[in-house]
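Worksheet: the structure to be examined is printed underneath.
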Amino acid sequence: MLFRIILSYATIYIVWGSTYYFIKLAVTTIPPMYVVAFRFLIGGLGLISYTLLINRKNIKNVLPTGMQILFSSIIGILLLIGGNGLVTIGEMKVDSYIAALLISTVPIVVLVFDRLFLKKRILSVSLFGAGIGVAGTWLLLSNGQTFLPSLNPFTLLLFAAAVSWALGTTLSKKVPLPGDVMMNTGVQSVIAGLLSFIAWNFVHPVHTLPLSTISPVSWFSLTYLTIIGSVAFCAYGFLLKHEPNHRVVSYSLVNPVIAVLIGVFIGQEKTVPFLIPSCILIVSGLFFLFYGEKIMGK
């Protein structure tokens with residue numbers, strides 16, 4: 001059991017930290033929403049098939065109701081189309097590590113939505129952590145000549161992705177979803193992938209996309225996102241069942257660091273002027289959000 005727990009943590013740390021870089025590679029020659037479509041449609045079908053297979057003796061226990069499928073689909077649209085889809089489009093012009101750092105601020109936005117929809121009290125230590133995270137994000141987007149953030153349409157898409165992902169995260173606490181984590185993830189993935197494919201097919205019909213123009217690197221990246229990304233979701237589901245949440249959410253602290261290391265040292269992406277201090281501030285802000293209450297003894 002201990003080995004599986006350690007392996008699962010290593011999987012979500014490394015895989016989720018690396019997905020931003022592989023998204024960047026995939027969209028170089030594949031339209032972004034087709035990356036979303038194929039990644040989640042194939043991965044979701046795999047998750048559903050695996051869930052049905054391992055529960056074949058008690059298959060009724062994992063089959064979702066119509067209402068659960070409906071709400072799971074809505075959450076999937078917010079998380080995977082509004083969240084991951086906008087990130088995929090944004091990475092056409094934004095470096096992968098920048099995207100990862102911006103999306104790492106999702107817990108700050110969740111704090112706001114939890115207050116609005118779940119009426120959760122915001123502790124002073126959480127506000128402190130949120131303030132540090134916002135300061136780090138502000139510094140990250142500074143061009144080095146002024147402390148005013150440098151924004152462009154693709155950067156704004158990443159902020160919209162963070163808001164959509166955070167909204168989906170909060171609303172998932174209020175609506176009935178499939179009880180099995182992998183089944184829920186599979187339903188969300190299939191619906192998001194199918195809708196992405198249908199919508200993008202109107203803009204860029206799939207038959208007009210010459211396969212010869214897709215580079216081997218993009219094919220490999222799409223395969224990695226589809227297969228290895230699904231494995232990471234399984235590892236995450238396993239940890240949710242066997243580990244306390246305060247340890248599981250540690251991936252949000254590690255993923256941005258992994259993404260920066262891969263983007264800068266492997267992807268040779270150009271570093272921004274205040275990268276190191278902004279990383280420190282963002283990760284520190286997340287630390288206080290997740291563990292501040294525990295440190296304060298509340």
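What order do you get for 44-56, 17-29, 111-123 when each peptide is scored by the mean count of other beta carbon atoms within 10 Å, highest first? Before the final figure, lay out the partial values.
Numbers: 44-56: 16.9, 17-29: 23.6, 111-123: 13.8.
Result, highest mean first: 17-29, 44-56, 111-123.
Measuring with a 1.4 Å probe in the full set of protein chains, what accessible area per residue, in whole Å², belongs to the chain?
49 Å²
Would you look at the GNM of the chain, springs on alpha carbons closer than 10 Å, and say which of GLU243, GLU269, GLU91 moves the most?
Largest GNM mean-square fluctuation: GLU243.
Determine ³J(HN,Hα), in whole Hz, for all residues of segment 92-102 in sequence, where each value follows from phi through the Karplus function 6.51 cos²θ - 1.76 cosθ + 1.60 and θ = phi - 60°; x replaces Gly and Pro.
Each residue of segment 92-102 in turn: 5, 10, 10, 4, 4, 6, 5, 4, 4, 5, 5 Hz.
What is the count of Lys pairs in the chain whose alpha carbons sit under 19 Å apart, if the two are 8 or more places apart or on different chains?
11
Per DSSP helix of 4 or more residues, -39500 (n - 2.57); summed, then divided by the residues of the chain. What does that give at 222 nm, rounded to the nearest 500?
After summing the helix terms and dividing by residue count, I get -22000 deg cm²/dmol.
How big is the dipole moment of the chain about its Cα centre under a simple scheme where the beta carbon of each Lys and Arg is +1, that of each Asp and Glu is -1, and everything else is neutral? Debye, nearest 20, please.
Roughly 800 debye, rounded to the nearest 20.
When a/c reaches 1.5 or more, the comparison of a/b and b/c decides; with that in mind, is segment 52-135 rounded, prolate or oblate per its Cα gyration tensor?
oblate
Amide H neighbours of SER142 under 5 Å, at least 5 residues apart or on other chains, H built in the peptide plane: list them.
Those qualifying (amide H under 5 Å, at least 5 residues apart or on another chain) are SER150.
Can you pull the percent of segment 250-294's accessible area that's carbon plus sulfur, 1.4 Å probe, other chains left in place?
72 percent
Work out from phi, with θ = phi - 60° and the Karplus expression 6.51 cos²θ - 1.76 cosθ + 1.60, the ³J(HN,Hα) of each residue of segment 193-201, listed in order in whole Hz, and give x for Gly and Pro.
Per residue, the Karplus-derived 3J(HN,Hα) values read x, 5, 5, 4, 5, 5, 5, 6, 5 Hz.
The values are calculated or read from the model by the stated rules, or taken from the named source; none is laboratory data. Just so it is clear, the structure is predicted and the values come from calculations on it, not from any experiment. For neighbour counting, all protein chains shown are included, and Cβ atoms are generated from backbone atoms with ideal geometry for every residue, glycine included. Just the protein is used for accessible areas: all its heavy atoms, side chains included, with ligands, DNA and RNA removed. Shrake-Rupley method; radii C 1.70, N 1.55, O 1.52, S 1.80 Å.
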